[in-house]
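The values are calculated or read from the model by the stated rules, or taken from the named source; none is laboratory data. The structure presented is a predicted model; accordingly, all values stated were derived computationally and were not measured. Virtual Cβ from ideal backbone geometry, glycine too; neighbours counted across all protein chains shown. SASA here: full protein model, heavy atoms, side chains in, ligands and nucleic acids out. Shrake-Rupley method; radii C 1.70, N 1.55, O 1.52, S 1.80 Å.
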Amino acid sequence: MEKLRKVEELAPLFKDSMRLLVGGFGISGTPLTLLDAVAQFDTGNYEIVSNNLGDDGKGLHKVFEAGKIDKAIGSFFTINKEAIMAWSMGQLKIDLIPQGTLAEAIRCGGAGIGGFYTPTAVGTRLAEGKEVREIDGVRYLFEKAIKGDIALIKAAKADKAGNLVYHTTARNFNPIMATAAEVVIVEVDEIVEIGELSPEEIVTPHIFVDYVIKSKYIKQGRTYVEAK
């Protein structure tokens with residue numbers, strides 16, 4: 001299967017009410033080009049799994065402003081004040097999950113593990129309605145694994161087979177999300193020929209990747225701008 005695509009060709013993959021796993025921490029490691037496209041697609045009512053909901057009108061912030069998000073599952077939503085206001089008015093559902101728990105739940109989803117026990121959030125409102133079990137005198141909260149219909153992730157570089165290399169902390173949630181979705185779409189800064197990547201630098205093997213698109217953004221200082 002040819003993995004290299006133009007972003008507009010991906011629209012038929014998206015259906016209403018899908019669960020989308022979206023990489024990124026702030027906007028670092030966020031697939032901005034893909035999310036620009038998702039904000040324009042005809043489908044919506046998405047359930048989003050991501051650390052946050054975009055920043056400064058970029059990324060998931062655009063998808064939210066387009067009215068396409070029904071529910072957000074993640075750790076750090078206060079950066080998007082409009083989303084918090086929508087939640088307070090009952091217009092947006094939010095499941096708040098501690099950051100480490102979120103990462104492990106996605107990892108379990110990709111590893112075929114049904115869930116795990118963690119002491120994090122025991123005795124708090126985040127534990128309401130969830131199983132609590134005592135193990136060796138310590139109370140643990142059961143968290144279900146998280147999987148998605150489509151993962152939208154960002155990598156620094158891909159070869160034409162779809163092997164991925166990440167850039168430092170922009171890796172964040174991206175590699176685990178690549179294992180935990182039915183379809184994986186990757187946005188990259190650079191595409192190289194097969195054989196140009198050293199096996200030691202490849203983090204996500206091509207077997208996990210379905211489609212690769214070239215990013216239209218470049219980094220300038222602490223933010224990203226569209227390349228001219």
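A few notes on this one:
- Residues of the range 198-228 that are surrounded by fewer than 17 Cβ atoms within 10 Å (Cβ to Cβ) and polar (S, T, N, Q): Ser198, Gln220, Thr223.
- Screening Leu141 with (1) in contact (Cβ under 8 Å) with a residue 24 or more places away in the chain; (2) in a loop (DSSP other than H, G, I, E, B) gives one miss only, at (2).
- Pairs with Cβ under 7 Å, 6+ apart, first in the range 185-197 and farther than 17 Å from Asn174 by Cα, second at pLDDT below 95 and open to solvent by 10 Å² or more (accessible area, probe 1.4 Å): Ile191/Leu4
- Annotation: of all residues in the range 156-197 being assigned to a loop (DSSP other than H, G, I, E, B) and in contact with an Asp or Glu (Cβ under 7 Å, 6 or more places away or on another chain), the one that is surrounded by the fewest Cβ atoms within 10 Å (Cβ to Cβ) is Glu193.
- Count of the range 22-64 residues which are at pLDDT 95 or above, of a type in the set (Ser, Thr, Tyr) and within 12 Å of the chain's Cα centre (by Cα): 2
- Residues satisfying the stated conditions in the range 136-155, i.e. surrounded by fewer than 19 Cβ atoms within 10 Å (Cβ to Cβ) and either over 15 Å from the mean Cα position of the chain (by Cα) or at pLDDT below 95 (or both): Asp136, Gly137, Val138, Arg139, Tyr140, Phe142, Lys144
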